[in-house]
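The values are calculated or read from the model by the stated rules, or taken from the named source; none is laboratory data. Here the structure is a predicted model, which means the values were calculated and not measured. Ideal geometry is used to build each Cβ from the backbone, glycine not excepted, and the neighbour counts take in all protein chains shown.
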Amino acid sequence: MPDNLSAIFGTILDYAEEVAAGTSNENDERPPRTSLTKKQQKAVSILRNFSTNDQKQEISFQELSQNVLDDWDISNIKSSSVQQLVELLNLPRVQGVLWAAQEISAGRFAPQLPDVPFEVDEDDGVAVKIVRIVRRGEPLGATIKCERGKVYVARIMANGVADRSGCIQEGDRVLEVNGITVADKEPREIVKLLDKCDNGIITFKLIPAEINQKLKQKKSSHRYARALFDYDPWQDKRHPCPEAAISFRGGDILEILDEKDQYWWQTRKIGFGALARRKESHDDENRDDSKKVGLVPSEWLQCQSEIPENGIDTSDDFQSFLENHKGRFYESVFRWRNKKKRRRVVVLLGAPGVGRNEIRRQFFKVFADRFTNAIPHTSRPQRPNESDGVNYYFTSRSEMERMIERKEMLEYGEFRDNLYGTALKSVRKASEKGTVLLTPHPLAIENIRTWEFAPIVIFVQPPEFGEFKHTREVYRSQTTRSHSAASSSNISQNTAATSAARAFSDVEIRQIIDNSAQMEQKYRGYCDAIIRNVDLDTTMNELTGLIYQLESKATWMPMKWLDDIGE
């Protein structure tokens, strides 16, 4: 019984035992209580044993309870303790507890399992075990392998039906499935046998595997990692069983449950991005995505695919190669909440033409008191209408080259023989004033993605072709009208013309969409979220809410930042 109910039940039984013994408290002003009959005393004793879980033999607790109630009703005992016990025994939830105890003490369980799990096989003269598993629509959670006509359990998937049963282990030899021998059968034939089960019940006849002590002592790992590449098991010729695998894309958060196998890890997919969480819904639509455990290639196996064609000469060279490639395919992560409300740099990543710079301009315009810009550096001469530290930080070419050599630049490039770029110190200085919003080149992600800046990286996707063309034409017509009105108010034609949005041709739109898909595939693993820029107003609203969530909720962070956090 629950602790609180058990305590109440025990207290009332204490009073009932006093009544049974005919004792009373000297300070009790209530009328003297009548002693119980021997039958009632025995009933109280049995109920006492039940409340302390000492009663093991099969007893009809409901029948006993009803007899006690009938006897006390006839005896007309009016003591408060008896009245409390009668009231308690009449409660539906107590009747339910008594019924459950009755069923459990009788050993009545569903489904009925064989009385003797082990038997001696008369043909082979070896000990075998009979295991019956109820699947109830879930995958079995085990893989098999065939060696010289014999079938073995190759792997038990963590938290699967087979794993939860505790009756099957890796290395068990499978003799029969549902009474049908599996010797010399192909794996696909065995899978069909597993699918043909009545009411989800599968019966195995197995020869137990010898326990590998070393394997038994090795604990299964449990950690989380961000995938940095796309994976489709049906396209992977190395995979021994694609049916038992899961697919994922870069940026998906994976829960690694078991990595004892050097080649294949048992993994569950949590979701995409920094806000990924396992779905709590029990709907069939979400069940596979949130609970399925599958095999994915280990980091070691992925590194093997990157070995140069001419090979590696020595084991030391191979170890060095693995070390250099560590973290290229999976990035260990942990969940972190921004309790100290520290400012994080917001990075908009996307293909040219997708609208990142226009989004950025609107944010500076609408949220001027919150978002700020990192002033870039340039080696070109200062113009009359420009101010140093406002438009640019004007410096010499030699000084910018030295900054590049010292890796002090977030990004840089050359245009018309002049250097342009954003320095890391400019980002630091801007962070003192507000939330820095950047639209850098993708190559700059490596420089900004550190704990110092803790960037929120959001990938901006373009809409579909038709929507892209329609929304941009609408936006262009609106900006053209507004600039026409500005030009009629004595604003120069050049300013109006250069400010108006340029129309994209159909070829350019398709090129933007293709470039965006390629960039997303390459950099998706470093993105915390993805947003589709359908139209400016919708994007502004969605992006504002998304940034708020990424700043306020617990998010996945690279494990390598953990030492720097110091919280």
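When both residues are 6+ apart or on different chains and their Cβ atoms are under 9 Å apart, which pairs have a first residue that lies in the stretch 534-546 and is part of a helix (DSSP H, G or I), and a second that is of a type in the set (Phe, Trp, Tyr)?
LEU536/TYR475; MET540/PHE363; LEU543/PHE363; THR544/PHE363; THR544/PHE367
Inspect all residues belonging to the stretch 387-404 and state whether any of them is closer than 30 Å to GLN518 by Cα, surrounded by 11 or more Cβ atoms within 10 Å (Cβ to Cβ) and touching a residue at least 40 places away in the same chain (Cβ under 8 Å). Lay out the reasoning, then the answer.
The initial filter retains those residues of the stretch 387-404 that are closer than 30 Å to GLN518 by Cα, namely 404.
Now restrict to residues that are surrounded by 11 or more Cβ atoms within 10 Å (Cβ to Cβ): 404.
Then drop every residue that is not touching a residue at least 40 places away in the same chain (Cβ under 8 Å), which leaves none.
Within the stretch 387-404, none of the residues are closer than 30 Å to GLN518 by Cα, surrounded by 11 or more Cβ atoms within 10 Å (Cβ to Cβ) and touching a residue at least 40 places away in the same chain (Cβ under 8 Å).
Go through VAL347, VAL366, VAL354 for me and flag whichever is closer than 30 Å to LYS469 by Cα and modelled with pLDDT of 95 or more. Talk me through it step by step, then tell me what you get.
On the way: VAL366 fails: modelled with pLDDT of 95 or more; VAL354 fails: modelled with pLDDT of 95 or more.
It is VAL347.
Mind checking which residues of the stretch 323-357 are within 20 Å of GLU452 (Cβ to Cβ), assigned to a loop (DSSP other than H, G, I, E, B) and in contact with a helix residue (DSSP H, G or I) (Cβ under 7 Å, 6 or more places away or on another chain)?
Matches in the stretch 323-357: ASN338, ARG343, ARG344, VAL345.
In the list PHE363, PHE453, which residue meets the criterion of being in a helix (DSSP H, G or I) and not assigned by TED's automatic domain parsing to the domain that holds ALA274? If you could, list the steps in order and put the result at the bottom.
Values: PHE453 fails: in a helix (DSSP H, G or I).
The conditions single out PHE363.
Just for the stretch 165-188: of the residues that are at pLDDT 80 or above and not in a loop (DSSP other than H, G, I, E, B), which one is surrounded by the most Cβ atoms within 10 Å (Cβ to Cβ)?
Taking the candidates together, the pick is VAL177.
Taking the stretch 336-357 only, how many residues are more than 21 Å from SER552 (Cα to Cα) and either surrounded by fewer than 16 Cβ atoms within 10 Å (Cβ to Cβ) or touching a His at 6+ places or on another chain (Cβ under 7 Å) (or both)?
Count: 2.
Step by step: first the residues of the stretch 439-473, then only those that are among the charged types (D, E, K, R) and surrounded by fewer than 20 Cβ atoms within 10 Å (Cβ to Cβ), then the one that is nearest to ARG344 (Cα to Cα). Which residue is that?
Filtering the stretch 439-473 for residues among the charged types (D, E, K, R) gives 446, 449, 452, 464, 467, 469, 472-473.
Now drop any that are not surrounded by fewer than 20 Cβ atoms within 10 Å (Cβ to Cβ), which leaves 446, 449, 452, 464, 467, 469, 473.
Values: GLU446: 16, ARG449: 11, GLU452: 9, GLU464: 31, GLU467: 32, LYS469: 34, GLU473: 34 Å.
Once the filter is applied, the top-ranked residue is GLU452.
Could you tell me whether the stretch 154-161 includes any residue that is in a strand (DSSP E or B) and of a type outside the set (D, E, K, R)?
Quick first cut of the stretch 154-161, residues in a strand (DSSP E or B) only: 154-156.
Still in the running and of a type outside the set (D, E, K, R): 154, 156.
Yes, that holds for at least one residue.
Is there a residue being in contact (Cβ under 8 Å) with a residue 40 or more places away in the chain and more than 16 Å from VAL345 (Cα to Cα) anywhere in the stretch 426-434?
Start the filter on the stretch 426-434 by keeping residues that are in contact (Cβ under 8 Å) with a residue 40 or more places away in the chain, which leaves 426-427, 429-431, 433-434.
Right, trim to more than 16 Å from VAL345 (Cα to Cα) and you get none.
The answer is no, given that none of the residues of the stretch 426-434 is in contact (Cβ under 8 Å) with a residue 40 or more places away in the chain and more than 16 Å from VAL345 (Cα to Cα).
Do any residues in the stretch 161-187 that are touching a residue at least 40 places away in the same chain (Cβ under 8 Å) have Cβ atoms under 9 Å from those of residues that are among the acidic types (Asp, Glu) and in a loop (DSSP other than H, G, I, E, B), where the two are at least six apart or on different chains, and which pairs are they?
Listed pairs, sorted by first residue: GLY171/GLU210; LEU175/ASP121; LEU175/ASP124.
Looking at the stretch 104-131, which of its residues are farther than 22 Å from VAL293 by Cβ, modelled with pLDDT of 65 or more and part of a strand (DSSP E or B)?
ALA127, VAL128, LYS129, ILE130
Give the stretch 249-265 a look and list any residue that's under 20 Å from SER305 (Cβ atoms) and over 8 Å from the mean Cα position of the chain (by Cα), or say none.
Within the stretch 249-265, the subset under 20 Å from SER305 (Cβ atoms) is 249-250, 252, 254, 256, 259, 261-265.
ARG249, GLY250, ASP252, ILE256, GLU259, ASP261, GLN262, TYR263, TRP264, TRP265, listed by residue number.
Mind checking which residues of the stretch 418-438 are within 26 Å of ARG524 (Cα to Cα) and surrounded by fewer than 16 Cβ atoms within 10 Å (Cβ to Cβ)?
ARG428
When the stretch 540-567 is examined, which residues are found to be closer than 21 Å to LEU254 by Cα, surrounded by fewer than 16 Cβ atoms within 10 Å (Cβ to Cβ) and touching a Phe, Trp or Tyr at 6+ places or on another chain (Cβ under 8 Å)?
Listed by number, the residues that qualify are ALA554, LEU562.
What pairs come up if the first residue lies in the stretch 492-520 and is assigned to a loop (DSSP other than H, G, I, E, B), the second is at pLDDT below 60 and surrounded by 12 or more Cβ atoms within 10 Å (Cβ to Cβ), and their beta carbons are under 6 Å apart, counting only those six or more places apart or on different chains?
ALA500/HIS483
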